[in-house]
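Notes for the one structure printed next.
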Amino acid sequence: MIDYVLLAITLGSFVASFVNGAFATGGVYIMLLVSVWVLPVSAAVPLQSAFAAGSLAARIGYFWHHIQWRIVGVFVFGCLFGVYLGTRTFAILPEATISMLLGCLLLVLIWMPTGNLKLRIKHPFFFVGIAHSYLGALFGVGGVLQPVMLRTNLVKLQITGTLAACLISLDVMKVAGYVSLGFSYFDYVPHIVLATIAGFAGTWAGKRVTHHVSEELFRKLFRILVSLIALRLIYKGWVM
């Protein structure tokens with residue numbers, strides 16, 4: 001018999017990694033949306049770190065020479081504070097509350113006007129690390145680092161590699177935080193293994209078509225998809 005949860009996680013990881021490889025960002029939302037569709041929110045959120053490992057490791061390997069390590073170091077230092085607070089908040093909130101708040105957060109992140117954000121504070125990525133890691137530990141997606149990174153002067157290849165290095169460092173800390181709260185990743189080893197393999201494959205494929213895919217069309221369809229799933233999360237939390 002086909003395990004449709006495993007199939008969904010595998011395909012979701014491939015598509016998410018493909019999007020990341022082709023567009024530098026966006027895959028995290030796809031993986032989260034697939035996960036909360038087939039798994040309880042209480043499991044889907046902690047598993048995001050493990051599911052993303054293959055894609056992030058592949059991007060670090062492909063774009064190693066483009067990584068801006070100074071940004072990574074400052075961001076990771078901020079994450080030390082955000083992860084601690086975020087995992088503790090995750091442990092005390094009811095699943096229905098997390099589901100509703102996650103849906104609202106996704107709507108805000110996907111429809112928030114971009115504008116021209118100017119970071120006029122010293123070491124801005126320290127504060128970005130705190131905010132992004134807190135939201136990431138609580139909801140499975142931070143949504144702060146990516147838009148800030150896209151507004152820097154870095155080129156696409158630098159953004160792709162630096163994002164991957166920042167996020168995989170954050171994910172290591174998040175996993176440690178969830179384990180300290182009692183979450184067992186061993187219960188989901190098949191899901192993690194298949195997601196990792198699909199992550200490498202999706203990144204490889206995305207890297208090869210990055211110059212041949214319409215980014216404008218992707219962003220339109222992506223917004224619609226995220227909005228629909230966000231509304232479902234809000235409804236799911238409301239009726240729990």
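Dipole orientation for the chain: of the candidates Ile71, Val189, Leu106, Ile71 has the Cα lying most toward the positive pole (charges on Cβ; Lys, Arg +1; Asp, Glu -1).
Using a probe of 1.4 angstrom, how much of the accessible area of the chain is carbon and sulfur, in percent?
Answer for the chain is 71 percent, counting heavy atoms of protein chains only.
Positive contributions from Lys and Arg (+1) and negative ones from Asp and Glu (-1), summed over other residues with Cβ under 11 Å from the Cβ of Ile159, come out at +3.
Along the charge dipole of the chain, Cβ charges K/R +1 and D/E -1, which of Ala52, Val144, Tyr84 sits furthest on the positive end? Ranked along the dipole, the leading option is Val144. Note on region 1-111: semi-axes of the ellipsoid equivalent to its C-alpha gyration tensor, largest first and rounded to whole Å, are 24, 21, 13. Estimated purely from DSSP H runs of n ≥ 4, each contributing -39500 (n - 2.57), the mean residue ellipticity at 222 nm for the chain is -26000 deg cm²/dmol once divided by its residues. Under the convention that each Lys and Arg Cβ holds +1 and each Asp and Glu Cβ holds -1, the size of the dipole of the chain around its Cα centre is about 780 debye. A cut-off under 12 angstrom between Cβ atoms defines the neighbours of Ala137, and their net charge, with Lys, Arg +1 and Asp, Glu -1, is +1. A simple spin-label model places pseudo-atoms 7 Å from Cα toward Cβ; at Ala57 and Arg70 they are separated by 3.1 nm. Based on protein heavy atoms only, the chain ends up with 49 Å² per residue of surface accessible to a 1.4 Å probe.
The values are calculated or read from the model by the stated rules, or taken from the named source; none is laboratory data. The structure displayed is predicted, hence computed values, not measured ones. In this analysis, Cβ positions are derived from the backbone assuming ideal geometry, glycine residues included, and neighbour counts consider all displayed protein chains. The accessibility values were calculated without ligands, DNA or RNA, using every heavy atom of the protein model including side chains. Shrake-Rupley method; radii C 1.70, N 1.55, O 1.52, S 1.80 Å.
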